1. Just wondering, is there one or more residues in the range 50-57 that are among the basic types (Lys, Arg) and in a loop (DSSP other than H, G, I, E, B)?
2. Name, by its number, the condition in (1) open to solvent by less than 40 Å² (accessible area, probe 1.4 Å); (2) charged (D, E, K, R); (3) touching a strand residue (DSSP E or B) at 6+ places or on another chain (Cβ under 8 Å); (4) farther than 19 Å from Pro148 by Cα that does not hold for Lys62.
3. Anything in the range 105-125 that is open to solvent by 80 Å² or more (accessible area, probe 1.4 Å) and either within 14 Å of the chain's Cα centre (by Cα) or in contact (Cβ under 8 Å) with a residue 24 or more places away in the chain (or both)? List them, or say none.
4. Within the range 126-146, which residues are out of contact with any Ser or Thr (no Cβ under 8 Å at 6 or more places or on another chain), open to solvent by 30 Å² or more (accessible area, probe 1.4 Å) and more than 11 Å from Asn42 (Cβ to Cβ)?
5. Please determine whether any residue of the range 119-130 is touching a strand residue (DSSP E or B) at 6+ places or on another chain (Cβ under 7 Å), at pLDDT 95 or above, at negative phi and in a helix (DSSP H, G or I).
6. Could you run through the range 74-104 and say how many residues are open to solvent by 50 Å² or more (accessible area, probe 1.4 Å) and touching a Leu at 6+ places or on another chain (Cβ under 7 Å)?
7. Could you tell me whether Thr71 is farther than 22 Å from Val192 by Cβ, part of a loop (DSSP other than H, G, I, E, B) and either at pLDDT 90 or above or not charged (D, E, K, R) (or both)?
8. I'd like to verify a number: residues in the range 180-214 that are in a loop (DSSP other than H, G, I, E, B), at pLDDT below 80 and open to solvent by 70 Å² or more (accessible area, probe 1.4 Å), how many?
Amino acid sequence: MNFRDEYLWVEKYRPQTVNDCILPDRLKAVFQEYVNAKNVPNLMLTGTAGVGKTTVSRVLAKSLNCETGITSQPCGVCAACQDIDAGRFVDYTELDAASNRGVEEVQQLLEQAVYKPVEGRFKVFMIDEVHMLTNTAFNAMLKTLEEPPEYLKFVLATTDPQKVPVTVLSRCLQFNLRPMAPETIAQHLVHVLQAEGIAHDAQALQLLSHAARG
């Protein structure tokens with residue numbers, strides 16, 4: 001399996017709705033409540049690498065822009081859902097703050113906020129590793145974060161929330177995504193392998209599940 005095949009395989013099994021995500025039921029219920037009420041606040045997603053922060057962000061973008069309507073169960077097959085999954089939806093932007101941490105990069109992103117969505121109902125700005133932003137960059141985004149246009153939603157993700165200023169944390173609803181238990185990972189691997197018709201060894205899956213570290 002080459003890198004492209006591996007990437008496509010991973011994307012194939014990326015959760016399409018919040019129900020598909022392996023999250024505590026309480027978090028799913030809160031997410032669904034805000035989406036169904038059409039009153040989604042800015043989100044702060046925290047947790048170690050690989051727990052699903054980017055996935056939840058994309059699910060939110062699809063929930064708000066699905067062509068079937070605003071729903072916690074986006075269809076996954078309309079043009080908007082497919083474009084968000086493929087990374088080509090013009091109203092969904094992911095910014096990696098680890099390599100774009102300065103005020104100039106944040107100001108360029110915020111310049112897009114003054115324009116209404118081009119294709120969807122909402123713009124969604126996802127800033128990953130947000131704790132890496134400089135203090136000046138944080139200050140530049142505070143005003144927009146506090147009073148965003150009605151068509152703009154922020155999703156901030158971080159592996160180190162203690163480094164995020166309190167002024168930013170206080171303007172977001174925080175979800176702490178915890179690593180999965182090895183048993184949960186093993187069950188999910190069995191599901192995927194069975195769906196692909198691939199034989200597997202239970203002991204090998206147990207080793208892989210523990211090595212994954214959640």
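The values are calculated or read from the model by the stated rules, or taken from the named source; none is laboratory data. This structure is a prediction, so every number in the text was calculated from the model and none was measured. No Cβ is skipped: glycine too gets one built from the backbone with ideal geometry, and neighbour counts run over all protein chains shown. What goes into the accessible areas is simple: the full protein's heavy atoms, side chains included, and nothing from ligands, DNA or RNA. Shrake-Rupley method; radii C 1.70, N 1.55, O 1.52, S 1.80 Å.
1. no
2. The number of the failed condition is (3).
3. Gln107, Val114, Lys116, Val118, Glu119, Arg121
4. Those that are out of contact with any Ser or Thr (no Cβ under 8 Å at 6 or more places or on another chain), open to solvent by 30 Å² or more (accessible area, probe 1.4 Å) and more than 11 Å from Asn42 (Cβ to Cβ): Met132, Thr134, Asn135, Thr136, Asn139, Ala140, Lys143.
5. Within the range 119-130, one or more residues are touching a strand residue (DSSP E or B) at 6+ places or on another chain (Cβ under 7 Å), at pLDDT 95 or above, at negative phi and in a helix (DSSP H, G or I).
6. Of the residues in that region, 1 qualify.
7. Yes, satisfied.
8. Residues meeting the conditions: 1.
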